[in-house]
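The values are calculated or read from the model by the stated rules, or taken from the named source; none is laboratory data. From a predicted model like this one, the values you see are computed outputs, not experimental measurements. Cβ placement follows ideal geometry from the backbone for every residue including glycine, while neighbour counts extend to all protein chains displayed.
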Amino acid sequence: MDAKTCLQKLQYVGVLAFATVDGQGAPQVRNISAIHYEPEALYFFTAKGKDFCRQLLADGRVQILGYTKYKEMIRLSARAKPAAEQQKWIDRIFEEQPYLSNVYPGDTRALAGIVFEVRDGELEYFHLGVNPIFRESYTIGGGAVTEKGYQITGACIGCGSCAEHCPQRCIEPGTPYQIQQEHCLHCGNCHGVCPVHAVERRG
């Protein structure tokens, strides 16, 4: 798996959930299908008058989520900005998504709409359809990976309680015990049962 494959999988999903935050700090989510994909970027179209557009122009932060029929979750955390060459990307998106011409016929598309570009961000891949589960993070452009989940510190006494309560059996004996991060659910069981509080959150 890599960032390019994750973007391809998002393209196969088609309709993605886009999350922003409004001016009062409340979460806002909408489904978007007016998207064009490049190997290391994506472009999406929305109307200039929508709250979504105003939130993106004011802040730029967006999370994009897709879920495949194979139980794969792909999340892109990034900043969106208005794309250069607006007409080029509007025409490309309308060519690939013919239904949009019924929504914005003729010249109304350029007047009403704007295309945003996402080029730098973090992609999280999480596959629940395999055992043990598999997760990994990748970057596109200038994005950075944010550490998440849990780790076992040197305070570990080797009692094995964390491994015993791990639903994915991804904790291995050692000094200290080790969590296989690519198979970790981030459920927190290990953190909750450790008698000496040797398990701490990452990041």
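Scanning for something out of contact with any Phe, Trp or Tyr (no Cβ under 8 Å at 6 or more places or on another chain), polar (S, T, N, Q), modelled with pLDDT of 95 or more and over 27 Å from Gly23 (Cβ atoms), does region 70-86 turn up at least one residue?
No, every residue in region 70-86 fails to be out of contact with any Phe, Trp or Tyr (no Cβ under 8 Å at 6 or more places or on another chain), polar (S, T, N, Q), modelled with pLDDT of 95 or more and over 27 Å from Gly23 (Cβ atoms).
Could you tell me which numbered condition Gln87 fails, if it satisfies all but one of (1) under 18 Å from Arg30 (Cα atoms); (2) in contact (Cβ under 8 Å) with a residue 12 or more places away in the chain?
(1)
Scanning region 133-147 for residues that are surrounded by 15 or more Cβ atoms within 10 Å (Cβ to Cβ) and in a loop (DSSP other than H, G, I, E, B), which turns out modelled with the highest pLDDT?
If we take residues in region 133-147 being surrounded by 15 or more Cβ atoms within 10 Å (Cβ to Cβ) and in a loop (DSSP other than H, G, I, E, B), then Ile133 is modelled with the highest pLDDT.
Looking at region 111-120, is at least one residue over 17 Å from the mean Cα position of the chain (by Cα), over 22 Å from Phe18 (Cα atoms), surrounded by fewer than 19 Cβ atoms within 10 Å (Cβ to Cβ) and without any contact (Cβ under 8 Å) to a residue 40 or more places away in the chain?
yes
Just for region 38-79: of the residues that are in a strand (DSSP E or B) and of a type in the set (Lys, Arg), which one is surrounded by the most Cβ atoms within 10 Å (Cβ to Cβ)?
Step by step, filter region 38-79, then rank; the result is Arg75.
Within region 54-98, can you find the residues that are small (Gly, Ala, Ser) and under 11 Å from the mean Cα position of the chain (by Cα)?
Result: Gly66, Ser77, Ala78.
Answer with yes or no whether Val130 is surrounded by fewer than 14 Cβ atoms within 10 Å (Cβ to Cβ) and under 24 Å from the mean Cα position of the chain (by Cα).
Working: surrounded by fewer than 14 Cβ atoms within 10 Å (Cβ to Cβ): yes; under 24 Å from the mean Cα position of the chain (by Cα): yes.
Yes; evaluated as a whole, the condition is true for this residue.
With the requirement that a residue be over 17 Å from Leu7 (Cα atoms) and either free of Cβ contacts under 8 Å to residues at least 40 places away in the same chain or in contact with a Leu (Cβ under 7 Å, 6 or more places away or on another chain) (or both), what does region 20-44 give you?
Of everything in region 20-44, those that are over 17 Å from Leu7 (Cα atoms) and either free of Cβ contacts under 8 Å to residues at least 40 places away in the same chain or in contact with a Leu (Cβ under 7 Å, 6 or more places away or on another chain) (or both) turn out to be Thr20, Asp22, Gly23, Gln24, Gly25, Ala26, Pro27, Gln28, Val29, Arg30.
Tally the residues that are of a type in the set (A, V, I, L, M, F, W, C), in a loop (DSSP other than H, G, I, E, B) and surrounded by 14 or more Cβ atoms within 10 Å (Cβ to Cβ), restricting the search to region 148-203.
Adding up the residues that qualify gives 9.
Under 30 Å from His183 (Cβ atoms), at pLDDT 95 or above and among the acidic types (Asp, Glu) - does that describe any residue in region 36-48?
no
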